[in-house]
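The values are calculated or read from the model by the stated rules, or taken from the named source; none is laboratory data. Remember, predicted model here, so these are calculated numbers, not experimental data. No Cβ is skipped: glycine too gets one built from the backbone with ideal geometry, and neighbour counts run over all protein chains shown. Keep in mind that these areas ignore ligands, DNA and RNA; they rest on the heavy atoms of the full protein, side chains included. Shrake-Rupley method; radii C 1.70, N 1.55, O 1.52, S 1.80 Å.
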Amino acid sequence: MIMKKFVLFVFLIMSAISGMQLKADDVTFKASAPPSVAMGSQFRVEFVVNVLNGTEFRLPPSLIENFEKLTGPIPATSSSMSFINGKSSSSVSTTYTCIMMPKKEGTFELEPATIKIGNSEYKSNQLTIKVLPQDPASQAQQGGGAQEHQATASNVSAENIFIRMIVSDRSVYEQEGFLVTFKLYSIPNVVSIDNAKFPEFEGFLAQDVELNDRQLVLENYNGRNYQTLLLKQTVLYPQRSGKIEIGKGMVRAILRVRSQSRSRSFFESIFDYQDVAKELFSQPVTIDVKPLPSGKPASFSGAVGNYTMSSEINKAELKANEAITIKLAIKGIGNIKLLKNPEVKFPNDFEVYDPKVDNNNIHISAAGASGTKTIEYMAIPRYAGDFEIPDINFSYFDTKAGTYKTLSTNPFKLHVEKGEEGLNAPVVSNFSNRENVKFLGKDIHYIKVGNVRFVSNKEIFFGSFLYIMAYLMITVLFIVFFIIYRKQVKENSNIALVRTKKANKTAVKRLKQAEKLLKENKEEAFYEEILRALWGYLSDKFNLPQSELTKENVAAELTRYGVDETLSGEFMEIINTCEFARYAPIRTSGAMDKLFAETIDAIGKMESTIKK
């Protein structure tokens with residue numbers, strides 16, 4: 001017992017010393033309060049500092065001015081000590097608590113609280129508190145209403161609990177992002193939420209907003225105060241113009257309500273509650289998607305939003321066979337993750353490599369996708385000379401201005417000297433028209449000098465037997481070529497037939513990109529690429545525009561072409577998996593490998609089934 005008291009005494013001494021020895025950068029002083037409260041309700045405001053010896057604590061003046069202080073500030077200290085792997089660590093804190101009540105409605109910005117530690121003064125973070133009007137039901141209770149306003153198993157109505165699909169903008173352009181929010185509104189106590197099912201967002205590309213630290217927030221809606229909870233937030237990018245409907249969402253809420261409304265004793269009422277399950281549905285919403293206006297610049301490739309672009313090159317003077325790197329940084333807000341790489345036109349004598357793209361600095365928030373997309377282009381000049389890389393253009397549609405805008409870099413001038421090969425590395429002049437002259441390295445030789453021996457040939461080829469046979473052979477080959485070519489031209493004139501024949505080849509190209517994303521473990525991009533490959537394949541195979549493709553008409557086309565139900569089910573299952581993964585990602589690489597193999601197998605079976 002004495003030993004325990006001694007350890008506790010040493011711990012308190014160490015805690016006090018550590019609090020006094022904190023440096024300025026180590027001091028944290030945080031304020032917290034509910035983001036919204038209702039008139040007539042009490043709420044708690046807390047200020048926490050990680051020291052024990054703070055003095056001269058002062059509340060924000062606007063807190064005292066706009067709210068009635070019922071109690072506080074009441075200080076409370078706490079300390080803890082832990083031993084991990086033989087190392088000890090300790091922490092201390094002081095919490096100042098106030099119980100407040102609002103005086104009037106409105107939104108109030110509170111200044112930081114202040115506290116003095118040693119000879120230095122520290123400030124907390126600022127707070128914003130929104131005061132809502134008092135709920136009519138609460139007013140009735142305070143006025144001596146005859147019945148207690150409390151939800152029971154029999155009176156939980158659609159007015160007491162529901163979910164809303166809130167759309168930030170119902171009239172947008174193609175590829176213009178907008179926010180869709182699913183929010184729960186409830187007056188009864190919600191125990192849990194499960195079995196959530198949200199729309200598949202057909203016709204859109206969806207990027208989910210990560211919801212951290214979700215908590216109940218009081219909100220006034222249609223004159224009532226509800227506890228609200230964010231269920232899902234998604235930024236959508238429409239892929240076609242026209243009227244597109246977003247289907248309804250559904251969740252199941254478990255509510256804790258009174259089992260009956262009659263008056264009972266206090267001790268009996270403790271057990272007078274039960275859990276009730278209720279399925280809640282949001283209403284569908286129709287989005288009016290406007291087509292992008294005409295007059296698109298040549299360098300426009302679907303970028304919509306507001307962007308800036310910067311560029312840099314690692315060196316302007318180098319030797320042959322040394323690499324140069326041009327880095328483009330496109331920064332802004334919009335469909336930035338979907339941007340295509342701007343084209344960089346390197347000289348013909350440069351060996352060009354695939355660009356390296358970095359999307360790690362792009363963040364999805366309620367304001368949309370924003371950040372910086374970095375693209376690195378690498379090329380190697382093989383010959384010495386002076387070269388110029390023309391300006392790089394990037395065009396986008398500015399939704400606020402309603403016009404197309406083009407961003408351009410300055411041209412890059414390069415001076416390339418001979419490499420390590422010395423005299424063997426040729427020099428290429430900077431011709432004004434490089435298309436007229438192509439340097440082929442050692443294919444161009446010096447004129448041979450020295451003794452020249454001429455060979456005389458007295459035979460006359462014209463009119464000979466070989467001449468006649470060659471003439472006849474050319475004529476026959478021409479006739480055969482004409483017949484084959486005319487048949488091919490006739491087939492190529494049938495655009496639908498050409499698309500059908502090339503469907504598999506086009507899908508294979510898209511799947512190669514998906515395989516690359518699979519190896520890089522880029523899950524979201526992988527599922528999007530698989531989805532593009534499947535929709536593109538079905539569009540080409542059945543000669544249907546992608547904007548008109550739905551699961552229903554695809555199923556009908558598969559049946560019309562005699563595809564069995566098993567194969568049709570495989571295609572539908574792959575599509576559902578990809579679409580589901582956009583808002584509920586499958587976090588295992590094995591699932592991605594399996595889906596990739598299933599996609600290749602399904603397309604192969606389709607090619608064997610439908611032969612055109």
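Restricted to the range 360-427, the set of strands (runs of 3 or more DSSP E) holding at least 1 residues that are within 39 Å of the chain's Cα centre (by Cα), at pLDDT 90 or above and within 18 Å of I333 (Cα to Cα) comprises 368-381, 393-398, 403-408.
The condition of being loosely packed, with under 11 Cβ neighbours inside 10 Å and of a type outside the set (A, V, I, L, M) holds for only one of K104, K116, that being K104. Of the residues making up the range 227-240, those that are part of a loop (DSSP other than H, G, I, E, B) and either crowded, with 16+ Cβ neighbours inside 10 Å or among the acidic types (D, E) (or both) number 1. Of the residues making up the range 522-552, those that are open to solvent by 50 Å² or more (accessible area, probe 1.4 Å) and either within 21 Å of K605 (Cβ to Cβ) or assigned to a loop (DSSP other than H, G, I, E, B) (or both) are K522, R532, N543, P545. Residues in the range 316-340 that are open to solvent by 40 Å² or more (accessible area, probe 1.4 Å) and in contact with an Asp or Glu (Cβ under 8 Å, 6 or more places away or on another chain) were compared, and the one that is farthest from H415 (Cα to Cα) is K327.
Are any residues in the range 301-347 part of a loop (DSSP other than H, G, I, E, B), free of Cβ contacts under 8 Å to residues at least 40 places away in the same chain and under 18 Å from T406 (Cβ atoms), and if so, which ones? L339, K340, N341, listed by residue number.
For every residue, the table says whether it meets (1) part of a strand (DSSP E or B); (2) surrounded by fewer than 17 Cβ atoms within 10 Å (Cβ to Cβ); (3) at pLDDT below 95.
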residue	(1), (2), (3)
V37	yes, no, yes
N53	no, yes, yes
P73	yes, no, yes
F83	yes, yes, yes
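A single entry from I330, I313, I324 fulfils the requirement of being touching a Lys or Arg at 6+ places or on another chain (Cβ under 9 Å), under 27 Å from V235 (Cβ atoms) and hydrophobic (A, V, I, L, M, F, W, C): I330.
In the condition set (1) in a strand (DSSP E or B); (2) surrounded by 14 or more Cβ atoms within 10 Å (Cβ to Cβ); (3) under 43 Å from the mean Cα position of the chain (by Cα); (4) modelled with pLDDT of 85 or more, S90 is compliant with all but (4).
Filter the range 344-359 down to residues that are within 20 Å of L318 (Cα to Cα) and not β-branched (V, I, T) and give me whichever is nearest to the chain's Cα centre (by Cα). Before the answer, list the steps.
Step one: list which residues in the range 344-359 are within 20 Å of L318 (Cα to Cα), which gives 344-353.
With the extra rule that they be not β-branched (V, I, T), the set shrinks to 345-351, 353.
Values: K345: 30, F346: 31, P347: 35, N348: 37, D349: 38, F350: 35, E351: 33, Y353: 27 Å.
Only one residue fits best here, namely Y353.
With respect to E491, determine if the residue is in contact with a helix residue (DSSP H, G or I) (Cβ under 9 Å, 6 or more places away or on another chain), at pLDDT below 75 and acidic (D, E). Answer is yes for this residue. On the stretch given as the range 193-226, residues that are within 30 Å of N576 (Cβ to Cβ) and either of a type in the set (A, V, I, L, M, F, W, C) or open to solvent by 50 Å² or more (accessible area, probe 1.4 Å) (or both) total 17. Exactly one residue among K512, K519 is at pLDDT 80 or above, open to solvent by 70 Å² or more (accessible area, probe 1.4 Å) and closer than 13 Å to I600 by Cα, and that residue is K512.
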